[in-house]
1. For region 88-114, which residues satisfy the criterion of being outside any strand (DSSP E or B) and buried (at least 18 other Cβ atoms within 10 Å of the Cβ)?
2. For residues that are closer than 14 Å to residue 94 by Cβ, at pLDDT 90 or above and part of a strand (DSSP E or B), tally how many sit in region 127-165.
3. Can you tell me which residues in region 32-56 are modelled with pLDDT of 90 or more, surrounded by fewer than 18 Cβ atoms within 10 Å (Cβ to Cβ) and under 12 Å from the mean Cα position of the chain (by Cα)?
4. Does region 57-87 hold any residues that are out of contact with any strand residue (DSSP E or B) (no Cβ under 6 Å at 6 or more places or on another chain), part of a helix (DSSP H, G or I) and either modelled with pLDDT of 80 or more or surrounded by 19 or more Cβ atoms within 10 Å (Cβ to Cβ) (or both), and which are they?
């Protein structure tokens, strides 16, 4: 105990995030972690998966069939801002749609394309980028320019590690996030 006090050791603080399920816990955790990020970006974002892709069926279906199991939803952890608008969306306010574009099961790595962006502001208004095509890619936090992430085997399900944060790099900075209306679900 005395040695720990001399070296400045502090007991780590552990947060228990309550929610109705894993998705709600990840959303709340993203908002908690967002406090570490202060500068908004229009071209990069730290993200957390809230819906997991399941890649078990990836090679059994052709790319043309677009298997739904390879789609996932992620939430922003770092703030996002368009180039044109003055609206800043805090961590946890935006969702990106991602889809697996390749999967190398032998090396347990996959590439994911970012296909959509939508956000909700503090008043419950929804915004989106208007894009429904590849607008960016997913990478590991430690390797932001490499278009692949490590896949894990979670009790027989081939997926990403839901405990890690990842990085999204957009091909072009967000020009504008257009206001679309009031969210039917309120603020997410």
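1. Within region 88-114, 90, 91, 92, 93 qualify.
2. Final tally of qualifying residues: 1.
3. 44
4. Of everything in region 57-87, nothing turns out to be out of contact with any strand residue (DSSP E or B) (no Cβ under 6 Å at 6 or more places or on another chain), part of a helix (DSSP H, G or I) and either modelled with pLDDT of 80 or more or surrounded by 19 or more Cβ atoms within 10 Å (Cβ to Cβ) (or both).
The values are calculated or read from the model by the stated rules, or taken from the named source; none is laboratory data. Since we're looking at a predicted model, the values are computed, not measured. A quick note on method: Cβ atoms are made from the backbone with ideal geometry, for glycine too, and the neighbour counts reach across all protein chains shown.
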